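Peer 1: Pasting a structure here, questions to come.
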Amino acid sequence: MAINQLELERHHELAEFLRSRRARLSPEEAGLPRGTRRRTPGLRREEVAMLAGVSPEWYTWLEQGRDINVSMQLLESLALVLQLDANEREHLFLLVLRQPPPVEMYSPPTVSPIIQIFLDSLGTSPACVVDSRTNVIAWNAAYCAVFVGDFTTGTERERNLIWRIFTNPAARVVNEQWKEIARVYVAQFRAGYGRFINDPWWAEQIAELSRISPEFRELWARHDVHSLSHGRKLFHHPIVGELDFDILWLQTVDSGELRMLTHTPRNADTIAKIQRLLNHEPEKMLVST
C-alpha cells in the first residue's frame with residue numbers, strides 16, 4: 001500500500017474519531033447553553049474550537065486532516081474539551097503525532113479480579129504483576145513460596161523489585177545471575193523514569209538507592225535503557241535448593257502501566273520443589289526476587 005494512501009486512511013480515521021467524540025457530547029455536558037434548535041446532535045465545530053482555545057478554521061482543518069502543526073498542549077486541550085478517557089486520549093495522540101501522550105504523574109493502578117484469577121491458575125509457576133515503579137502489586141502463592149514469604153505484610157518499598165535487588169544482602173547469595181539481573185532491571189527502571197520524570201517519587205528513590213548502593217550508583221550512571229521480554233533465572237532457595245526458571249514479561253492489555261512477570265519451571269525437579277513449598281508451608285524467609 002502506497003504511503004500517501006496510508007496517510008489518507010490515518011486522516012480519515014482522525015476525522016471520523018473527532019466527529020464521533022463531539023457528536024456524543026451535549027452542550028450542557030460541555031458547560032454551554034443549548035441555544036437554538038440543532039440539526040445534528042452534539043457540539044458544533046465552532047463550539048469545540050472556542051472551548052479548546054483555537055480558531056474555528058484551525059479545528060476544521062484538523063478534522064479535515066490537513067497538514068498543520070499541532071502541539072501536545074493543543075491536543076491535551078482537545079482531550080479535555082471532548083472528555084476523552086485514557087484510551088481515547090492515547091488514540092488521539094497516536095493519530096495526530098504518531099506517539100503516545102506524555103505521562104506526568106504516577107497514578108496507582110488496580111489489578112482486575114480476572115488477572116488475579118489467572119495468576120492463581122499458574123500453580124507451580126511463580127508470577128506477579130508489577131507497576132511502572134517496579135512495585136509488585138499482585139502475586140500468586142508460588143511467588144510467595146519461592147521468593148518472599150508472606151507478601152501481604154510488606155511495605156511498598158519492601159515490594160519494590162529494584163529496592164530488593166540492591167538492599168537485600170541475600171540477593172547475591174541466592175541468585176547466581178545477580179549482576180546481570182541487576183543490570184537489566186536498572187535499565188528497565190530508567191525506561192520507566194523517562195515516562196514519569198516529573199514525578200518526585202523517582203528522584204527520591206534514585207537518590208536513596210544511589211546513597212546506599214555503590215552498584216546501583218554505577219549502573220545508573222551508565223544511562224542504559226532496556227525492556228526485557230524473556231530470559232532465564234537460576235535461583236538458590238534457602239530451603240529446597242536450586243530452582244531453574246524461564247522468565248517472561250507480559251504487558252497487560254487493560255493497563256499500559258502494568259506488566260506480568262512469570263517464572264516457568266524448566267524441569268520436573270523445580271516443579272517438585274515448588275510443590276513441596278506449597279504443600280508444607282516451610283519457614284518463611286525473605287529473599288530477593
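Peer 1: What does the convex hull of the alpha-carbon atoms of region 155-242 project to on average, in nm²?
Peer 2: On the way: hull surface 25.4 nm².
In nm², the orientation-averaged hull projection of region 155-242 is 6.3.
Peer 1: A further question on this structure: Pop out the ³J(HN,Hα) list for region 66-83 in order, Karplus 6.51 cos²θ - 1.76 cosθ + 1.60 with θ = phi - 60°, rounded to Hz; leave Gly and Pro as x.
Peer 2: Result, rounded to whole Hz: 6, 7, 10, 6, 10, 8, 4, 4, 5, 5, 4, 5, 5, 4, 5, 4, 7, 6.
Peer 1: Could I ask something else about it? Starting from the Cα-Cα distance between residue 221 and residue 116, subtract it from 0.36 nm times their residue separation and give me the gain in nm to one decimal.
Peer 2: 34.2 nm
Peer 1: Got a sec? Charge dipole of region 113-280, +1 on Cβ for Lys and Arg, -1 for Asp and Glu; which of 258, 229, 137 is way out at the positive end?
Peer 2: Farthest towards the positive end: 229.
Peer 1: Mind giving me the nanometre distance, one decimal, between the label points for residue 40 and residue 86, set 7 Å out from Cα along Cα→Cβ?
Peer 2: Reported label-point gap for residue 40 and residue 86 is 3.2 nm.
Peer 1: Report P(r) for the chain: all Cα-Cα distances, bin width 10 Å, range 0 to the bin holding the largest distance, values in whole percent.
Peer 2: 6, 23, 24, 18, 15, 11, 4, 0
Peer 1: Could you state the angle between the C-alpha long axis of helix 200-212 and the longest principal axis of the C-alpha atoms of the chain, as a value from 0 to 90 degrees rounded to the nearest 10?
Peer 2: 30 degrees
Peer 1: Count charges around residue 49 for me, please; just the other residues with Cβ under 12 Å from its Cβ, Lys/Arg as +1, Asp/Glu as -1. All intermediate terms of the calculation are to be shown ahead of the outcome.
Peer 2: On the way: positive: 22, 44, 45; negative: 46, 47, 57, 63.
Net charge in that neighbourhood comes out at -1.
Peer 1: Given C-alpha coordinates of region 113-280, what is the ratio Rg to Rh with the Kirkwood estimate of Rh?
Peer 2: Expressed as Rg/Rh, it is 0.95.
Peer 1: Starting from the amide H of residue 168, placed 1.01 Å from N in the peptide plane, find each other amide H under 5 Å away whose residue is 5 or more places distant or on another chain.
Peer 2: none
Peer 1: Please list the non-local residues whose amide H lies under 5 Å from the amide H of residue 139, H modeled 1.01 Å from N, same-chain partners needing a gap of 5 or more.
Peer 2: It is 129, by chain and number.
Peer 1: Return the distance in nm (one decimal) between the two label points of a simple spin-label model at residue 246 and residue 272, each offset 7 Å from Cα along Cα→Cβ.
Peer 2: It works out to 2.1 nm between the two label points.
Peer 1: Please list 3J(HN,Hα) in residue order for region 154-169, calculated via the Karplus relation 6.51 cos²θ - 1.76 cosθ + 1.60 where θ = phi - 60°; whole Hz, with x for glycine and proline.
Peer 2: Running phi through 6.51 cos²θ - 1.76 cosθ + 1.60 with θ = phi - 60° gives x, 7, 4, 5, 5, 9, 8, 4, 5, 4, 5, 4, 9, 10, 9, x Hz.
Peer 1: Give me D for region 3-97 in µm² s⁻¹, whole number, from Stokes-Einstein with Rh from the Kirkwood sum over alpha-carbon pairs, 4 °C and 1.567 mPa s.
Peer 2: Here the translational diffusion coefficient equals 95 µm²/s.
Peer 1: In nm, to one decimal, how far is the modelled label at residue 70 from the one at residue 168, with both set 7 Å along Cα→Cβ?
Peer 2: That separation, rounded to one decimal, is 4.6 nm.
Peer 1: What value, in deg cm²/dmol to 500, does the helix sum -39500 (n - 2.57) over DSSP H runs of n ≥ 4 give at 222 nm once divided by the residues of the chain?
Peer 2: Numbers: 12 runs with 131 residues, N = 289.
Roughly -13500 deg cm²/dmol at 222 nm, from the helical runs in the chain.
Peer 1: When the chain is treated as a GNM, springs tying every alpha-carbon pair under 10 Å, which of 259, 232, 66 comes out with the largest mean-square fluctuation?
Peer 2: Among 259, 232, 66, the largest mean-square fluctuation in the Gaussian network model of the chain belongs to 66.
A short reminder: the numbers here are calculations on the coordinates, not readings from a lab. Note that this is a predicted model, so its numbers are computed, not measured. Because the Cβ atoms are built from the backbone with ideal geometry, glycine has one as well, and the counts that use them run over all protein chains shown.
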